[in-house]
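Values in this text are rule-based calculations from the coordinates and carry no lab data. Source: prediction; values computed, not measured. Note that each Cβ is placed from the backbone with ideal geometry, even for glycine, and that neighbours are counted across all protein chains shown.
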Amino acid sequence: MTSLPPPSNLVHADASNFAANVTKEEAYQQVLDQAEGLFYEQRNWVCNLSNCAALLWHAFKSLPAPSNQVNWAGFYTLNHPSTTELILGPFQGKVACQTIAFGRGVCGAAAATKTTQLVPDVDAFPGHIACDGDSKSEIVVPIVVDDRVVAIIDVDCAELNGFDEVDKVWLEKLADLVGRSCDWP
């Protein structure tokens, strides 16, 4: 796999500064642009997911409600050697569940079906795992490489209906970028 093109400018801690009054689309575009720069010549999945979690956290916190009510943003990765269990990866927020079986809860459903789960009310989701009782809505996007789930993006919000189709579209773009930018075990 070839490296991404060099970033147009140096990426550093300021990458997680988001201007006031940006739209959700503009914030997501900045996340993608900054992630691409951070991933340049860096294929380590721990490093890349860590920076991505920070970018997402700061992007959500810069937006108006409900986005600024995100209370968890991060990743679960495939728990090797298992092919049907996720393990906690880099994240921002409160401590979280350590392992999740495919098919269990929102994260497990996304992993088992390889499809994004957009959940406006987690209490209405059969088998929801309440890692944080403050979470009211959730979006989970699988990261699929060569038809294999290698990780998932998980974002929780402390408000009902915290996510919409805009989030789905942009987080799926991010999942694609992350999937092709890391060397996965």
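Structure above, values below:
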| item | result |
| --- | --- |
| Sum of -39500 (n - 2.57) over DSSP H runs of 4+, divided by residues of the chain (222 nm, nearest 500) | -10500 deg cm²/dmol |
| Karplus-derived 3J(HN,Hα), 6.51/-1.76/1.60, for each residue of the stretch 47-64, Hz, glycine and proline x | 4, 5, 5, 4, 5, 5, 4, 5, 4, 4, 4, 5, 4, 4, 5, 7, 9, x |
| Charge dipole of the chain about the Cα centre (unit charges at C-beta), most positive-ward option of N21, P81, L171 | P81 |
| Debye intensity ratio I(q)/I(0), log10, the chain, q values 0.17, 0.18 Å⁻¹ (C-alpha model) | -1.06, -1.19 |
| Cut-off 13 Å (backbone N to label point 7 Å along Cα→Cβ of N17), residues of the stretch 58-72 | none |
| Debye, to nearest 20: dipole size of the stretch 12-60, +1 on Lys, Arg Cβ, -1 on Asp, Glu Cβ | 160 debye |
| Efficiency of FRET from Cβ geometry, T83 and K61, R₀ 35 Å, rounded to 0.05 | 0.50 |
| Cβ-based charge dipole, the stretch 54-158, positive-most Cα from G93, A124, A109 | G93 |
| Taking N as its residue count, the alpha carbon Rg of the stretch 119-185 over 2.2 N^0.38 Å | 1.21 |
| Listed pairs K136/K168; K61/K94; K94/K173; K114/K173; K94/K114; K136/K173 exceeding 22 Å between Cα atoms | K94/K173; K94/K114; K136/K173 |
| Label-point gap, in nm, between K114 and T99 - each point 7 angstrom along Cα→Cβ | 2.4 nm |
| Computed label-point distance, nm, for sites N68 and V145 using a 7 Å Cα→Cβ extension | 3.6 nm |
